[in-house]
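S.K.: Right, I'll just put the structure down here and ask away after.
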Amino acid sequence: MQFNYDGYCVNILDTPGHQDFSEDTYRTLMAADSAVMVIDAAKGVEAQTIKLFKVCTLRHIPIFTFVNKMDRESRNPFDLMEEIEQILGIQTYPMNWPIGCGQDFKGVYDRNKEEIMAFQFEGRKSGTKQVESIKAKLGDPGLDELLTPTLHQTLVDDIELLDGASYEFDIEKVQTGRLSPVFFGSALTNFGVEPFLA
């Protein structure tokens, strides 16, 4: 898919993840300026991802990570970050953070804007409804009603841990493929895709 954005011509090349198409994927990656690594929130890093990732690291291609299918039951996001870092040897920086998963998925918290993007599933796939963004002061009792007290407290604890222990955002490391910005969402319901592309 090709489109113009902010004075640039952007080409998005979708590469098959199946090993039968690996040669085609390798050729595509050789021509790419950056890569999007899609991680299944339940499965984590898969075997084919490791093979393709090596091509990106050899070329120091910037890698952006999208952790998908948060609206289904998934693994702990901290475990997913650790797996990416240990198996693929790249640092991660979560740009947003999931609030619950599966039936309890409430959305994501944008760490930079300090906003919650609320997830509302209306029983249909590929929704294009504008996602509601809510300015969120973590710890505000008003968020208990939106998120439930348990998920609110978990979010507060998670963000505090991330702010104190995670890697700092470094654009130079991103540009040289040493740090991957990570986004969480659900591509099938079109949730979290727009801020990822922006």
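The values are calculated or read from the model by the stated rules, or taken from the named source; none is laboratory data. Predicted model, so just to flag it, every value in this text is computed and none were measured. Note that each Cβ is placed from the backbone with ideal geometry, even for glycine, and that neighbours are counted across all protein chains shown. With ligands, DNA and RNA removed, areas are computed over all heavy atoms of the protein, side chains included. Shrake-Rupley method; radii C 1.70, N 1.55, O 1.52, S 1.80 Å.
S.K.: Taking R0 as 25 Å, what FRET efficiency do you get between ASP170 and SER34 from their Cβ-Cβ distance, rounded to the nearest 0.05?
M.R.: 0.95
S.K.: A further question follows. Go through ALA35, ILE87, ILE99 and say which Cα lies farthest out towards the positive end of the charge dipole of the chain; charges sit on Cβ, +1 for Lys and Arg, -1 for Asp and Glu.
M.R.: Selected residue: ALA35.
S.K.: Rounded to the nearest 500, what is the chain's calculated 222 nm mean residue ellipticity when only DSSP H runs of at least 4 contribute -39500 (n - 2.57) each, over all residues?
M.R.: -10000 deg cm²/dmol
S.K.: What figure, in Å² to the nearest 10, do you get for the accessible area of PHE169 with a 1.4 Å probe and non-protein molecules left out?
M.R.: About 90 Å², ignoring ligands and nucleic acids.
S.K.: Now, a different point. For Cα pairs less than 8 Å apart in space and 6+ apart in sequence, what is the mean separation divided by the residue count of the chain, i.e. the relative contact order in percent?
M.R.: Worked out over the chain, it gives 23 percent.
S.K.: Sticking with this structure for a sec: Is there a quick way to get the dipole size of the chain? I mean about its Cα centre, with the Cβ of Lys and Arg at +1 and of Asp and Glu at -1; what is the value in debye to the nearest 20?
M.R.: Charge dipole of the chain: 540 debye, to the nearest 20.
S.K.: As a test, work out the antiparallel percent of DSSP beta bridges whose residues both lie in the chain, rounded to the nearest 5.
M.R.: Once the DSSP bridges in the chain are tallied, antiparallel ones form about 60 percent.
S.K.: How much length is gained on full extension from VAL156 to ASP6, taking 0.36 nm per residue of separation minus their Cα-Cα distance?
M.R.: So the chain would gain 50.5 nm between VAL156 and ASP6.
S.K.: I've got another one for you. Compute the acute angle (0 to 90°) between the alpha-carbon long axis of helix 77-88 and the principal axis of greatest extent of the alpha-carbon atoms of the chain; round to the nearest 10°.
M.R.: So the helix axis and the longest Cα principal axis differ by about 20 degrees.
S.K.: Can you figure out the FRET efficiency of ALA198 with LEU13, using R₀ = 22 Å and their beta-carbon distance, to the nearest 0.05?
M.R.: 0.70
S.K.: Given Cα pairs under 8 Å that are at least 6 residues apart, what percent is the relative contact order of region 16-121?
M.R.: After rounding, I find 21 percent.
S.K.: Another question about this same structure. Given H placed on each backbone N at 1.01 Å, which residues far from TYR93 in sequence or on other chains put an amide H within less than 5 Å of it?
M.R.: Sorted by chain and number, the residues that satisfy this are SER180, VAL182.
S.K.: Now, a different point. Pairs of lysine in the chain with Cα under 17 Å and at least 8 positions apart or on different chains: total?
M.R.: Taking the Cα cut-off of 17 Å, the pair count is 11.
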